[in-house]
1. Return a yes/no flag: does region 39-57 have any residue that is under 30 Å from Val107 (Cα atoms), in contact with a Phe, Trp or Tyr (Cβ under 7 Å, 6 or more places away or on another chain) and of a type outside the set (Ser, Thr, Tyr).
2. Given the structure, is Ala80 within 27 Å of Leu115 (Cβ to Cβ) and in contact with a Leu (Cβ under 8 Å, 6 or more places away or on another chain)?
3. Suppose we keep only residues that are part of a helix (DSSP H, G or I) and of a type in the set (A, V, I, L, M, F, W, C) within region 90-110. Which one would you say is most open to solvent (accessible area, probe 1.4 Å)?
4. Pairs please, first residue from region 23-52 and under 19 Å from Arg10 (Cβ atoms), second anywhere and in a loop (DSSP other than H, G, I, E, B) and polar (S, T, N, Q), Cβ atoms under 7 Å, 6+ apart in sequence or on different chains.
5. Consider Arg78 against the criteria (1) free of Cβ contacts under 8 Å to residues at least 12 places away in the same chain; (2) surrounded by 16 or more Cβ atoms within 10 Å (Cβ to Cβ); (3) closer than 30 Å to Trp110 by Cβ; (4) not aromatic (Phe, Trp, Tyr): it satisfies all of them except one. Which criterion is unmet?
6. For the condition closer than 30 Å to Arg10 by Cα and part of a loop (DSSP other than H, G, I, E, B), what is the one hit in Ile67, Ile87?
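The values are calculated or read from the model by the stated rules, or taken from the named source; none is laboratory data. Remember, predicted model here, so these are calculated numbers, not experimental data. Counting neighbours? That spans all protein chains shown, and the Cβs are built from the backbone with ideal geometry, glycine included. For the accessible areas, the whole protein counts, side chains as well, though only heavy atoms, and no ligand, DNA or RNA atoms are used. Shrake-Rupley method; radii C 1.70, N 1.55, O 1.52, S 1.80 Å.
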Amino acid sequence: GETAPMEFGRATLPRLASLLTDADFAKAAARASAMAGFEWTDADPLAAVGKLSTPVLYFHGGSDTWISPENSRQLFARTAGPKAFGILETDDHVTLTMRLDPISRDVLAWFERWLPAAAR
């Protein structure tokens, strides 16, 4: 599939993205890599979560058109340590962060279970 920068760019700036080719996106990603001193392929979140032993809680908006919920599903599937996953079907990339009430009980229960007592 597309790289995260391409997916995000196409979703958040659709008018501009419609004027850009895959080659344009690739050139921009290469320039960003050179400026930042890293390669996009070095940033492999799927490999990284496979090495985690810490608990990870995922939530994703089911109507997110900026970053597909499939990304979180793949991360969840590859996460090695304790994990939980929730989809809020009617939320998108922005509204999920604005409506935390639907997940607050789950988040609190998660922290109560996994946050070390000394850190509370």
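1. Yes, that holds for at least one residue.
2. The answer is yes for Ala80.
3. Among those residues, the one meeting the criterion is Met98.
4. Ala29/Thr3; Trp40/Thr3
5. Checking Arg78 against (1) free of Cβ contacts under 8 Å to residues at least 12 places away in the same chain; (2) surrounded by 16 or more Cβ atoms within 10 Å (Cβ to Cβ); (3) closer than 30 Å to Trp110 by Cβ; (4) not aromatic (Phe, Trp, Tyr), the one that fails is (1).
6. Answer to the check: Ile67.
Here's the yes/no breakdown for (1) exposed (fewer than 15 other Cβ atoms within 10 Å of the Cβ); (2) free of Cβ contacts under 8 Å to residues at least 60 places away in the same chain:
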{"site": "Glu7", "(1), (2)": "no, no"}
{"site": "Pro55", "(1), (2)": "no, yes"}
{"site": "Tyr58", "(1), (2)": "no, yes"}
{"site": "Gly62", "(1), (2)": "yes, yes"}
{"site": "Gly86", "(1), (2)": "no, yes"}
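Residue-by-condition table, conditions (1) within 19 Å of the chain's Cα centre (by Cα); (2) among the small types (Gly, Ala, Ser); (3) outside any loop (DSSP other than H, G, I, E, B):
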position: Arg10; (1), (2), (3): yes, no, yes
position: Leu20; (1), (2), (3): no, no, no
position: Asp24; (1), (2), (3): no, no, yes
position: Tyr58; (1), (2), (3): yes, no, yes
